[in-house]
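Worksheet for the structure shown next.
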Amino acid sequence: MAKGSKDRKDRGRGAGCLPNREAFERMNFLLQSAQFYASLPTTTTPAAVATTATAKGNEPNEPSALVNDSSGDSSSSDAPPQTPAMMMPLARFYTKEMRLVSRKSVLRMSPHIKRSICKVCLTPLVPGISSMTRVKGQKRSRRVITTCNYCQTQARLFVNDDHVLFVDRPEHGTIS
């Protein structure tokens, strides 16, 4: 009895052990999935899907208007195809789930990850696809402005060459 209980106590401690490892792995998976679906090239616009849906008699906001109808004839060209443009809501769902996992397990997301997600609509900010990034200002007051393409929210970060985030500092324990 003493042998087994000692092994269980020591297993959770040490330099290589991370508490809540499963939650961090889940958040990592959700972030990677969200960034993948957000980075898919856009081939159709939501207006084209809505036009096709209203031509079929469905409302554009109904779920049946956004999903390919499998009950009908597969050769029918009336049904809108599952396109990468319709994957952005899935990317938003994954970022929302990642945020919920972080809050439920009381874990902090890295500032790098927080800056790659829109704070209003939770869209993964992929430069050139779901966001626009600009550098404005003079040498002394330069700032990076990231604009979300979906809700037009702007995030402004000042550029300071001497500034290092706390997670990037060597005395912080997360980087080996």
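The values are calculated or read from the model by the stated rules, or taken from the named source; none is laboratory data. Keep in mind it's a predicted model, so treat the numbers as computed, not measured. Positions of Cβ are backbone-derived with ideal geometry, glycine not excepted, and every protein chain shown enters the neighbour counts. These area figures cover heavy atoms from the full protein model, side chains too; ligands, DNA and RNA do not enter into them. Shrake-Rupley method; radii C 1.70, N 1.55, O 1.52, S 1.80 Å.
Quick notes on this structure:
- Of all the criteria given as (1) among the β-branched types (Val, Ile, Thr); (2) farther than 22 Å from Tyr37 by Cβ; (3) within 20 Å of the chain's Cα centre (by Cα), the one not satisfied by Val159 is (3).
- Every residue from region 119-176 that is charged (D, E, K, R), within 27 Å of Arg92 (Cα to Cα) and open to solvent by less than 100 Å² (accessible area, probe 1.4 Å): Arg134, Arg143
- Enumeration of residues in region 108-118 that are of a type outside the set (Gly, Ala, Ser) and surrounded by 12 or more Cβ atoms within 10 Å (Cβ to Cβ): Met109, Pro111, Ile113, Lys114, Arg115, Ile117, Cys118
- Residue within region 62-80 that is open to solvent by less than 40 Å² (accessible area, probe 1.4 Å), under 29 Å from Leu157 (Cα atoms) and modelled with pLDDT under 95 present: no
- Residue count for region 126-145 under the criterion of being in contact with a Ser or Thr (Cβ under 7 Å, 6 or more places away or on another chain) and touching a residue at least 24 places away in the same chain (Cβ under 8 Å): the result is 3.
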